[in-house]
Amino acid sequence: MSDLFLTLLGTALINNLVLHWSLGVDPLLAVEGRKQVHALGLASTCLMLTVGTLGHAIDHWLLVPANLTFLRLFVWLPLSVLLIGPLLRLLSGWLPALSFEGLWPLLLGNAGILGVALLNSQDHQGLLHAMALSLGAGLGFWLVLSLFEDLRQRTVDNDIPLPFRGLPIQLIGAGLMAVAFLGLRGLVKT
């Protein structure tokens with residue numbers, strides 16, 4: 001049980017998909033507004049958990065025994081695309097206070113979702129470990145999304161030199177966040 005918790009914590013904080021692997025950076029830069037950040041974070045977490053779990057099951061129970069591992073991306077990409085619409089409808093019915101409108105392209109272009117499925121295919125520790133890795137990746141993405149929105153709000157109100165306004169200061173902030181998260185690397189010893 002502690003191994004699953006360490007996987008969850010390690011994926012969310014130490015091996016973060018956005019800051020460590022640079023996956024899912026496009027939605028990070030595209031979304032603005034506190035409510036849309038939480039809607040995208042929740043939707044991405046649910047989609048990563050679903051695609052990561054189903055992708056692991058399909059890979060280890062169907063593709064590997066049939067020696068069809070070269071079809072992984074051809075299976076995972078349609079799986080993630082087909083799950084986006086029903087997931088957004090389910091979440092908008094479950095949480096009507098959050099606006100899930102317009103998140104379909106951001107979820108479709110999130111490379112972190114396929115990254116989770118790829119990391120799960122390389123891991124041979126079982127379905128529960130794949131679920132913990134997928135959930136940790138989603139929660140880590142949501143955390144970085146929230147921190148990045150806070151950084152964006154702080155830079156709007158401050159006097160920043162003209163060449164650094166907008167995207168340059170956001171990328172500098174993302175780099176500093178990556179360095180701060182890198183400091184957590186020695187936290188867990190295996």
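The values are calculated or read from the model by the stated rules, or taken from the named source; none is laboratory data. Predicted model, so just to flag it, every value in this text is computed and none were measured. Backbone-built Cβ (ideal geometry, glycine too); neighbour counts: all protein chains shown.
Okay, here's what the table says:
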read-out: Criterion violated by residue 180 - all others in (1) closer than 18 Å to residue 20 by Cα; (2) buried (at least 16 other Cβ atoms within 10 Å of the Cβ); (3) free of Cβ contacts under 8 Å to residues at least 40 places away in the same chain satisfied; value: (2)
read-out: Pairs where the first residue, in the stretch 140-168, is of a type in the set (Phe, Trp, Tyr) and modelled with pLDDT of 85 or more and the second is surrounded by fewer than 18 Cβ atoms within 10 Å (Cβ to Cβ) and not in a helix (DSSP H, G or I), C-beta under 7 Å, 6+ apart; value: none
read-out: Test: residue in the stretch 36-52 that is under 13 Å from residue 143 (Cα atoms) and of a type in the set (S, T, N, Q); value: yes
read-out: Helices (runs of 4 or more DSSP H) fully within the stretch 64-123 counting 1 or more residues that are touching a residue at least 40 places away in the same chain (Cβ under 8 Å), more than 18 Å from the chain's Cα centre (by Cα) and crowded, with 18+ Cβ neighbours inside 10 Å; value: 72-94
read-out: The stretch 124-148 - residue that is over 15 Å from the mean Cα position of the chain (by Cα) and not polar (S, T, N, Q) and, of those, farthest from residue 36 (Cα to Cα); value: 124
